[in-house]
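Here is the structure we will look at, set down as structure tokens.
Each value in this text was obtained by applying a stated rule to the coordinates, not by laboratory testing. What you are looking at is a predicted structure, and each value in this text was computed from that prediction instead of being measured. Positions of Cβ are generated from backbone atoms using ideal geometry, with glycine treated the same way; all protein chains shown enter the neighbour counts.
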Amino acid sequence: MLTLSAAPPPPEGRGNRPSASTGHPLTRSKVPLPVNFTDANHAHPSPLISSPQHGVCRFLHSNEAHTVTTLPAAARSDGTAKTRDGTRIGYRLHDRGAAAPRAVLIHSLAMDREFWEPVAAELPASVLLYDCRGHGASDKPAGPYTVEQFADDLADLMDHVGWRSVLVGGASMGGTVALAFAVAYPARTAALGLIDTTSWYGADAPKAWAERAGKAVAEGLSSLVAYQVTRWFGDAFRAENPALVKQAVDVFLRNDVKAYAETCRMLGTADIRPALSSMKMPTAIVVGEEDYATPVAMSEALNKAITGSTLKVLKGARHLTPIEQPKTIAAELSLLLQG
């Protein structure tokens, strides 16, 4: 299904390896919730048609609207988890309590956990954000890196916070990691949100990503800024939101160059295409109409390969749509949460 929209709609281990922690089910509450992963086969979820910020959520069931109390405000905490190979991962948890559904959001290349904050604030869920290895406050071990390794990091982080099964969302690099996680840990992936991403960057990707890595190492990350900002954000957005553009650039420039280069090479070799047809979890794919980094054709390929997935193209948006259109992205993820 392909739609074009400029605004949001109304509002254990690898394979079957058991998790190191039993954690909690996605939700154990028996009261009506804005999200319900316990009924994965429910064909007609109730659309969220008002903002959770207003104190109530309104739903439509069989042509009848009713109101339920929203989840409590999120309690924010930051922490550090250690992965199976000893790498320390910095994370932030927005916890709305035991009754809340749960989502993990994975950032784009050279960004950090702050990338998803505007979206997390809009979601009626407990949300786990983190810095991938090589990024932000997390350790930056020597490479090589792989998307499968990044998926294992997420599984270990979920064990650390006691989460079993969640909505996994990712943007750009984060979407590729989300796909790798869904392949390795299908029982822990309640749903997938794939934003501005791909399962494969193309036949020339190893060479192209290696060249970008080499430029960063030889000339510094500042040599890539002009190239990056025009791919990240549309012309109008850059003109109207210089502070947000600067914030993204500042995060980019704080990256460790060697870790950045290793992550570039990782993306160049990533190829998850063979596993896409086996994915059965609810999946929403969103991409900017003007995305040059992971063009619409890449999202169309995901949509074709993942049975039952949906595809939305955001008019006028480019590559970092969670920053350009956070409410739209939150609305799409909220629909998955209702699943």
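The ellipsoid equivalent to the alpha-carbon distribution of the stretch 101-148 has semi-axes of 24, 11, 8 angstrom, derived from the gyration tensor eigenvalues as √(5λ) and listed largest first. A simple count of charges around M279, restricted to other residues whose Cβ falls under 14 Å of its Cβ and scoring Lys, Arg +1 and Asp, Glu -1, yields +4.
Sorted into 5 angstrom bins from 0, the C-alpha pair distances of the stretch 277-320 split as 6, 26, 29, 19, 13, 6, 1 percent.
Take each peptide in 268-279, 102-113, 154-165, count the other Cβ atoms within 10 Å of every residue, and average; sorted highest first, the result is 102-113, 154-165, 268-279.
Taking other Cβ atoms within 10 Å as a rough exposure proxy, V177, V217 sort from fewest to most as V217, V177.
Cα centroid separation, the stretch 239-310 to the stretch 132-163: 17 Å.
A simple count of charges around A203, restricted to other residues whose Cβ falls under 13 Å of its Cβ and scoring Lys, Arg +1 and Asp, Glu -1, yields 0. Highest mean packing comes first when the peptides 287-300, 223-236 are listed by Cβ atoms within 10 Å, giving 287-300, 223-236. According to the Cα-based calculation, Rg over Rh for the stretch 111-255 is 0.96, with Rh computed by the Kirkwood formula. The equivalent ellipsoid that matches the C-alpha gyration tensor of the stretch 193-245 spans semi-axes of 24, 18, 8 angstrom, in descending order. At a Cα cut-off below 26 Å, give the lysines reachable from K207, other chains included and same-chain residues fewer than 8 away excluded. Leaving aside lysines fewer than 8 places away in the same chain, those within reach of K207 are K140, K215, K258. A simple count of charges around Q149, restricted to other residues whose Cβ falls under 11 Å of its Cβ and scoring Lys, Arg +1 and Asp, Glu -1, yields -4. Normalised by residue count, the stretch 235-287 yields a Cα convex hull volume of 150 Å³ per residue.
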